[in-house]
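Chemist: Quick one: the structure is below, questions incoming.
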Amino acid sequence: AQSVTQLGSHVSVSEGALVLLRCNYSSSVPPYLFWYVQYPNQGLQLLLKYTTGATLVKGINGFEAEFKKSETSFHLTKPSAHMSDAAEYFCAVSGNTGFQKLVFGTGTRLLVSP
Amino acid sequence: EPEVTQTPSHQVTQMGQEVILRCVPISNHLYFYWYRQILGQKVEFLVSFYNNEISEKSEIFDDQFSVERPDGSNFTLKIRSTKLEDSAMYFCASTTPATDTQYFGPGTRLTVL
């Protein structure tokens with residue numbers, strides 16, 4: 001069975017500050033890991049993913065995440081927050097193929113203040 | 001860029017009525033999914049579909065739910081007799097082995113009164 005824990009249902013940062021959204025996972029097989037972003041009244045958009053290979057992955061809009069197997073973590077970071085980053089962020093895990101179901105965390109709402 | 005589309009964007013129905021939610025996956029994708037998100041909660045997997053049959057389903061996906069790919073482009077989710085607790089946002093997704101990524105549609109908000 002797989003599961004995802006996202007610490008912090010809400011994270012508030014100032015514009016220009018570092019963004020850190022935490023994700024820990026549990027998986028009985030080598031996982032594929034994903035971060036999706038959901039803007040208000042919209043669907044889920046892929047930010048970045050880890051499948052195999054390099055553990056530091058870069059995504060769209062300046063976000064990146066590092067897969068740390070020893071810590072079972074896949075935290076999302078961005079050096080400098082922008083107002084447009086305000087959204088809900090979901091971490092998800094699947095088995096080690098691209099077509100297995102996604103198991104999502106509860107999401108973290110990122111608030112960015114001027 | 002190709003995208004997954006869903007209709008309608010919002011569906012309101014009375015408890016006990018049947019609803020059909022429609023999705024058009026990305027054209028060369030082979031695997032199709034339905035997920036739902038109850039307001040304020042996490043996104044939950046309902047069912048996956050490949051080669052014209054269900055490949056996996058969750059405990060939520062009981063006999064009231066069914067899926068179908070009636071033609072080469074559409075993928076539908078039917079709820080036979082809706083309950084209040086079926087009120088949620090329903091997302092369709094699709095993928096192909098070459099991409100390792102599920103692409104999501106914008107969702108259908110189902111409201112059961």
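The values are calculated or read from the model by the stated rules, or taken from the named source; none is laboratory data. Owing to the predicted nature of the structure, the values given are computational and were not obtained by experimental measurement. Backbone-built Cβ (ideal geometry, glycine too); neighbour counts: all protein chains shown. The accessibility values were calculated without ligands, DNA or RNA, using every heavy atom of the protein model including side chains. Shrake-Rupley method; radii C 1.70, N 1.55, O 1.52, S 1.80 Å.
Chemist: Evaluate the distance, in nm, between pseudo-label points positioned 7 Å from the Cα of B:SER81 and of A:LEU20 along their respective Cα→Cβ axes.
Modeler: It works out to 5.3 nm between the two label points.
Chemist: Using only alpha-carbon positions, what ratio does the radius of gyration of the range B:1-61 give when scaled by 2.2 N^0.38 Å?
Modeler: On the way: Rg = 13.3 Å, N = 61, 2.2 N^0.38 = 10.5 Å.
For the range B:1-61, the normalised Cα radius of gyration comes out at 1.27.
Chemist: Which three numbers, in whole Å and largest first, are the semi-axes of the equivalent ellipsoid of the protein assembly as shown derived from its Cα gyration tensor as √(5λ)?
Modeler: 30, 20, 16
Chemist: Add +1 for every Lys or Arg and -1 for every Asp or Glu among the other residues with Cβ under 13 Å from the Cβ of B:TYR103, and state the total.
Modeler: Working: positive: A:LYS49; negative: B:GLU1, B:GLU3, B:ASP100.
For residues surrounding B:TYR103, the net value is -2.
Chemist: Counting only protein chains, not ligands or nucleic acids, how are A:HIS82, B:HIS29, A:HIS75, A:HIS10 ordered by accessible area (probe 1.4 Å), most first?
Modeler: Result of the area sort, largest leading: A:HIS10, A:HIS82, A:HIS75, B:HIS29.
Chemist: Restricting things to Cα coordinates, could you compute the convex hull volume per residue of the range A:26-114 in Å³? Could you put the intermediate results ahead of the total?
Modeler: Details: hull volume 9.4 nm³, N = 89.
It comes to 106 Å³ per residue, whole-number rounded.
Chemist: With +1 assigned to the C-beta of every Lys and Arg and -1 to the C-beta of every Asp and Glu, and no other charges, what is the dipole magnitude of the protein assembly as shown about the Cα centre in debye, to the nearest 20?
Modeler: Values: 17 positive and 20 negative charges, 54 e Å.
With Lys and Arg at +1 and Asp and Glu at -1, about 260 debye.
Chemist: Moving on to the next point. How large are Rg and Dmax for chain B when only the alpha carbon atoms are used, in Å?
Modeler: Just the Cα atoms of chain B yield Rg and Dmax of 13.2, 42 Å.
Chemist: State the dimensionless ratio Rg/Rh of the range B:45-86 (Rg: radius of gyration of Cα atoms; Rh: Kirkwood radius).
Modeler: Taking Rh as the inverse mean 1/r over Cα pairs, Rg/Rh reads 0.98.
Chemist: Let me ask another. Which one, A:PHE99, A:GLN38, B:GLN37, is farthest towards the positive end of the dipole of the protein assembly as shown when Lys and Arg carry +1 and Asp and Glu -1 on their Cβ?
Modeler: Result: A:GLN38.
Chemist: Going Cα to Cα from A:LYS78, which lysines come in below 16 Å? Please leave out same-chain ones fewer than 8 positions away.
Modeler: A:LYS49, A:LYS58
Chemist: Counting only C-alpha contacts under 8 Å and six or more residues apart, can you give the relative contact order of the range A:1-62 as a whole percent?
Modeler: Over the range A:1-62, the number comes to 25 percent.
Chemist: Charges only on Cβ, +1 for Lys and Arg, -1 for Asp and Glu: so what's the dipole of the range A:7-100 about the Cα centre, in debye to the nearest 20?
Modeler: For the range A:7-100, the charge dipole is close to 220 debye.
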